[in-house]
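Worksheet: the structure to be examined is printed underneath.
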Amino acid sequence: MIEIRPVEEDEFEEWQRAMYTGFLMEPVPTPDQLEAHRRQFVNSRSLGAFDGGRCVGTFRSFAQEVTAVGGAPVRSNAVTNVSVGPTHRRRGLLTEMMRRDLAAAEERGDAVATLIAAEYPIYGRYGFGPATHATAWTVDVTRSGLGSRPPVLPDGARIDLVDGTEVRKLGPAFYERLRPALPGSVDRGEVWWEARTGVLRFARDWTEPYHAVLRSASGEVEGLVTYRCEVDSRLGEQPQHAVVVDGLLGATPAAEAALWRFLCSIDWVTKVKSGRRSPDDVLPHLLPDPRAARIERHSDWLWVRFLDVAAALEARTYERTGAVVLDVLDEGGPAGGRYRLEVSPEGASCTPAPGAGADLTLSASELATVWLGDGSLTRLAGIGRVREERTGAAREADALFRTSGRPWCPDVF
């Protein structure tokens with residue numbers, strides 16, 4: 001009989017090996033990897049499926065904050081390290097681990113749950129929907145039109161290379177300053193910054209990255225980029241290196257543009273690989289020839305599951321005034337029910353409305369796709385995934401939920 005339960009301290013390494021096996025990684029973590037993962041291990045929020053004492057399934061969650069539209073931090077239950085061993089697939093292990101974890105999250109009072117989905121078809125069954133997307137570009141520097149000159153910075157501003165120690169000092173405060181303006185972003189704890197700078201090493205092979213910081217004339221941090229280089233040196237020929245961006249944030253579009261131009265101006269660099277960016281990122285448009293930025297990947301990214309519909313919908317802001325009655329379907333889950341949502345630029349109210357006539361009927365997962373301002377209820381209604389109970393209701397609701405910019409989660413967890 002398979003037992004699903006919290007993982008004991010002395011079972012941590014066995015649980016970690018099972019997780020690596022499920023993800024088809026090298027099945028025995030290195031001491032450095034075990035040390036890094038142990039920093040994240042919380043017994044009560046790490047579940048294992050055990051068959052005869054052997055761990056065959058893993059599941060972990062942790063406390064998180066997701067930035068809602070308007071900047072409010074929303075309590076989230078972040079789900080990660082989900083795996084089932086190849087010998088125990090299709091036995092309902094994930095379903096039971098998910099059920100237990102979401103029930104605990106609801107009891108704690110978390111408004112939503114989040115995850116990054118390795119496979120698209122799995123998580124809609126559990127009420128999750130893709131709420132943000134990510135796009136990755138490769139810039140052909142030689143045809144971008146930027147030339148090789150360094151970027152022109154505002155008077156007194158400067159870009160400096162810094163080390164990991166400096167990043168851990170200045171990065172957290174800079175990110176917290178920006179986070180309210182980034183719907184879909186999540187908080188970053190000490191472990192995140194230590195992993196980004198090599199103090200903790202989750203990967204088997206660690207390559208020290210470069211870090212560059214943009215400072216204003218007053219010394220305030222206005223931008224931060226972490227990047228690596230792919231070397232392509234050919235004896236007797238001009239080197240053709242590529243910059244691979246691990247993360248780039250600017251306090252303003254101008255600051256982001258300055259950092260992108262800096263990367264494109266580095267000697268010997270002929271390509272810049274952006275990494276995952278917001279689908280409406282400024283990158284292609286700051287190039288004299290935007291076609292020099294070619295999309296390499298575009299995919300769903302942050303998935304959201306409602307645990308408290310009223311708390312989640314009231315946490316965000318809305319640009320228009322209006323009202324809609326939503327009949328949310330969530331069989332056996334906490335989000336099901338009929339809700340009246342009334343919004344204006346001054347605030348929002350979401351209350352149960354069991355006796356009211358519904359304007360839209362939709363699943364909890366479909367509601368999650370529009371929560372952060374992305375997605376289209378009109379499109380979903382057109383393909384039969386949302387049902388209009390009143391003609392025109394989807395278009396009216398879109399006008400309430402949509403935002404001028406697309407949400408973006410810059411992190412993986």
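The values are calculated or read from the model by the stated rules, or taken from the named source; none is laboratory data. This is a predicted model, so every value here is computed, not measured. Every residue, glycine as well, gets a Cβ built from its backbone with ideal geometry; the counts of neighbours run over all protein chains shown. We work out accessible area using only protein heavy atoms, side chains counted, and drop any ligands, DNA or RNA first. Shrake-Rupley method; radii C 1.70, N 1.55, O 1.52, S 1.80 Å.
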From the list Pro86, Pro73, which residue is closer than 17 Å to Leu182 by Cβ and at pLDDT 95 or above? Pro73
Kindly indicate which of Gly53, Gly70 is open to solvent by 10 Å² or more (accessible area, probe 1.4 Å) and more than 22 Å from the chain's Cα centre (by Cα). Gly53
What do you reckon, is Ala323 crowded, with 20+ Cβ neighbours inside 10 Å and modelled with pLDDT of 95 or more? no
Log entry, pairs with first residue in segment 201-227 being over 28 Å from Asp32 (Cα atoms), second being among the aromatic types (Phe, Trp, Tyr), beta carbons closer than 7 Å, six or more apart or on different chains, reads Val221/Phe174
Identify all residues within segment 373-386 that are open to solvent by less than 10 Å² (accessible area, probe 1.4 Å) and in contact with a Leu (Cβ under 8 Å, 6 or more places away or on another chain); write none if there are none. Leu377, Val386
Is it the case, given these coordinates, that Gly171 is open to solvent by less than 40 Å² (accessible area, probe 1.4 Å), at pLDDT 95 or above and part of a loop (DSSP other than H, G, I, E, B)? no
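Quick one: how many residues across segment 128-150 are part of a loop (DSSP other than H, G, I, E, B) and open to solvent by 30 Å² or more (accessible area, probe 1.4 Å)?
6
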Take Arg125 and tell me if it is within 22 Å of the chain's Cα centre (by Cα), in a helix (DSSP H, G or I), surrounded by fewer than 20 Cβ atoms within 10 Å (Cβ to Cβ) and basic (Lys, Arg). yes
Can you tell me which residues in segment 73-107 are within 22 Å of the chain's Cα centre (by Cα) and open to solvent by 40 Å² or more (accessible area, probe 1.4 Å)? Pro73, Arg75, Glu106
